[in-house]
1. Only Lys, Arg, Asp and Glu count, each charged at its Cβ (+1, +1, -1, -1), so figure out the dipole size of the protein assembly as shown about its Cα centre, rounded to 20 debye.
2. Quick one: what are the phi-derived ³J(HN,Hα) couplings along the range A:63-69, Karplus 6.51/-1.76/1.60 with θ = phi - 60°, whole Hz, x for glycine and proline?
3. What does the helix-only formula give at 222 nm for chain A: each DSSP H stretch with n ≥ 4 adding -39500 (n - 2.57), the total divided by the residues, and the result rounded to the nearest 500 deg cm²/dmol?
4. For peptide A:106-118, what's the mean number of Cβ atoms from other chains within 10 Å of each residue's Cβ?
5. From the label point of B:GLU115, set 7 Å along Cα to the beta carbon, how far off in nm is each other copy's matching point, shortest first?
6. Starting from the Kirkwood Rh over alpha-carbon pairs, what translational D in µm² s⁻¹ does the range A:116-204 have by Stokes-Einstein at 20 °C and 1.002 mPa s?
7. Amide H of B:LYS157: which non-local residues (sequence gap of 5 or more, or other chain) have their own amide H closer than 5 Å, using H built in the peptide plane?
8. Hey, got a sec? Which chymotrypsin sites (Phe, Trp or Tyr not before Pro) in the range B:146-220 land in a DSSP loop and have at most 13 other Cβ atoms within 10 Å?
Number of protein chains: 2
Amino acid sequence: MKKCVCIISGGMDSITMLHDLHKQDFDIYALSFNYGQKHCKELLYASENCKMLNILHKVINMREIGNELLSGSSLTSNIEMPEGNYDEENMKLTVVPNRNMIMLSLAIGYAISIEAGSVYYGAHSGDHAIYPDCRPAFLKALQKTALLCDWSKVKVKAPYLNLNKISILKRGLKIGVDYSKTWTCYNGREKACGKCGACQERLEAFRLNKITDPIQYDTI
Amino acid sequence: MKKCVCIISGGMDSITMLHDLHKQDFDIYALSFNYGQKHCKELLYASENCKMLNILHKVINMREIGNELLSGSSLTSNIEMPEGNYDEENMKLTVVPNRNMIMLSLAIGYAISIEAGSVYYGAHSGDHAIYPDCRPAFLKALQKTALLCDWSKVKVKAPYLNLNKISILKRGLKIGVDYSKTWTCYNGREKACGKCGACQERLEAFRLNKITDPIQYDTI
């Protein structure tokens, strides 16, 4: 059985990937990070999906480290959450500095310690423009680093790197992912806000797949 | 003033680097990691040196993460500490999986958030044979990754990469580093053991510099 570490946030992309790997008979060790986000709603969904699939799920508490070292992001600090479409200036505010490299480094360490051959994360093409650490060039450099950091040769994979959210959703629907058990909104209220960049992207993906998003929204 | 993050353990290499950067008028933000080592003696020396130089020193608590994700190392677990010379099989036991990549990723995140241009760590040529993540190829791959992970372009530097412990000590003695305020031994007893691989390397460096190590040893 192919043993791997799978980084999941609880959002639709990483949860689709989790089910996708499960369908492919991977022996999955799921890993999430609480890096001091304003809410942990998506982590609860991450856990729920793992429970459903009978997958060991570790949630690493990075709150203290986030507060101590990685301040300056609206996901972790008191800066007001930007609304509306993603654009570069807006989104710089929602980025935890070096988040993917930090999460991937820890996931690689975990993979080495449990003798898993690979680490999966859910970067996709929709993030390329706005997040440097979701781009192919970053992944390539990180993959190379991962092969040099230890005696073990851990492969880092981003199977959705060249898919957009619309195609990922299409794939997830095909393999029967229940999207009512995912959370995308940057706010952690009972219903998703429908206004933030993350909600807008999600809603567009459902619209273009001609299907209704099963979660509830405040504004629509 | 050149602003940088400097990763220090409290051992002789990183403490020499700290004083070296200080002499070169860097605006230093020192960073240490408590990743669940069996003792924290070297961290106390790290703090003492920073206090002396009036440098902000953050110690990041990675104990929980270490226990949760990175077990299997004799530095963090209950496996018996290997004595005698370093050799590959022995030293694999003292390695925390992916330690340098994890520490460097966090240091890069910190550098981004405080707008420092570079991250320094104390890898040296004596570690090349035994630690993959102290080798030039690893550093080069990581440097490239660091330039791609964010809008900021943080440079990762290992100024002693091609120096051995003997040359580093020579340099430190020249700039007046007080080596009684450094700790190298893998054991955390009052006196250094003089037997572990780390002590043996340290003692050799002093011997070849024709100077007496100012710290006390159990066995010599």
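FYI, it's all coordinate maths here, none of it is from the lab. Just so you know, these numbers come straight off a predicted model, no measurement behind them. Positions of Cβ are backbone-derived with ideal geometry, glycine not excepted, and every protein chain shown enters the neighbour counts.
1. I would put it at about 640 debye.
2. Using θ = phi - 60°, the values come out as 4, 4, 5, x, 5, 6, 10 Hz.
3. Value at 222 nm, helices only: -12000 deg cm²/dmol.
4. Mean partner-chain Cβ count within 10 Å for A:106-118: 5.
5. In nanometres, ordered from closest: 5.0.
6. Calculated translational D: 143 µm²/s.
7. Correct list: B:VAL119, B:TYR120, B:TYR121.
8. Working: sites: B:TRP151, B:TYR160, B:TYR179, B:TRP183, B:TYR186, B:PHE206, B:TYR217; in loops: B:TRP151, B:TYR160, B:TRP183, B:TYR186.
Of the chymotrypsin sites (Phe, Trp or Tyr not before Pro), the ones in loops of the range B:146-220 whose Cβ has at most 13 other Cβ atoms within 10 Å are B:TRP151.
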